[in-house]
Amino acid sequence: MKPHHLNRFVAVAASSAVLLGGAIATAPTASAESLPKACTTIEVPEQRKVTKSIVHLRSGPGTKYTSKGLLQKGTKFDEWCNKRKSWSYGKVLSGANKGKKGWVAYRYLKK
């Protein structure tokens, strides 16, 4: 390859890399409201609920999953889905864990 062709090739490659990198950086990501795979059981319209007592916010639908924090009685929670009315997935709307998403035992939530 002649030197001037090499410079042109490098310039095109660098431009492509920048464009490709820009496309990757700006590509749409999964929605903040996207549901985890376990939610495919029963999706419910977003429902505002509150906790009936102190309860763990978990990383998955079951006590074997790690706790992401404790929700105090009266914590507001948006339920996005539930798994056979035993575990609910959603977002914490109040308290120390506000903004976190996770699973709460369904029996500890009320409308």
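Nothing in this text is a laboratory measurement; each read-out follows from the coordinates by a stated rule. This structure is a prediction, so every number in the text was calculated from the model and none was measured. With ideal geometry, Cβ positions are generated from the backbone for all residues, glycine too; neighbour counts draw on all protein chains shown.
Structure notes:
- Backbone phi angles across the stretch 86-94, fed through the Karplus curve with coefficients 6.51, -1.76 and 1.60 (θ = phi - 60°), yield HN-Hα couplings of 10, 9, 10, 10, x, 10, 6, 10, 8 Hz in residue order; Gly and Pro are listed as x.
- Spatially proximal lysines relative to residue 76 (Cα-Cα < 23 Å; intrachain offsets below 8 disregarded): 49, 52, 68, 85, 91, 98, 100, 101, 110, 111
- Extension gain for the segment residue 67 to residue 93, taken as residue separation times 0.36 nm less the Cα-Cα distance, is 7.6 nm to one decimal.
- Label-point separation in nm, residue 34 to residue 111, each point 7 Å along Cα→Cβ: 3.1
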